[in-house]
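Note sheet for the following structure.
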Amino acid sequence: MLLFRYSALTFNGHRIHYDRDYVTKVEGYPGLIFHGPLQAALLVEFAAKLHGDSAPKKFSYRGVQPLFEGGEFSINANETHAGMELWIANAERQPTMKGTATW
């Protein structure tokens, strides 16, 4: 439901995010694909929560590989001298999205 609603909110009509039959039977993927910007939003929200609910002054992100629905994933962070490194990892603990935040 989250993927469908995010598609509607962002006017993203690409069926790989909400049509399971299409994405598996036509595109050949194992499941629906999480939007890159949705993953980035999860990262920046996590960063703010870890930093006393303070939004970062600068946030950048880069997709590494697709994140498919149906499996567990984790949102992770490490403090650095410059701010915070963040990443989303799939069930195999491989990064799917990486980001950095500074305050």
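The values are calculated or read from the model by the stated rules, or taken from the named source; none is laboratory data. Computed from a predicted structure; not experimentally measured. Heads up, the Cβs are rebuilt from the backbone with ideal geometry, glycines too, and the neighbour counts pull from every protein chain shown.
Key figures for this structure:
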item: Count of the stretch 13-63 residues which are among the small types (Gly, Ala, Ser) and within 22 Å of PHE73 (Cα to Cα); result: 9
item: Candidate set: the stretch 26-67, residues that are among the aromatic types (Phe, Trp, Tyr) and touching a residue at least 40 places away in the same chain (Cβ under 8 Å); chosen: the one nearest to HIS14 (Cα to Cα); result: PHE34
item: Residues that are under 11 Å from ILE88 (Cβ atoms) and either surrounded by 13 or more Cβ atoms within 10 Å (Cβ to Cβ) or in contact with a helix residue (DSSP H, G or I) (Cβ under 7 Å, 6 or more places away or on another chain) (or both), drawn from the stretch 43-65; result: LEU43, PHE46, TYR61, GLY63, VAL64
item: Filter result for MET97 (more than 30 Å from ARG15 (Cα to Cα), surrounded by 14 or more Cβ atoms within 10 Å (Cβ to Cβ) and at pLDDT 95 or above); result: no
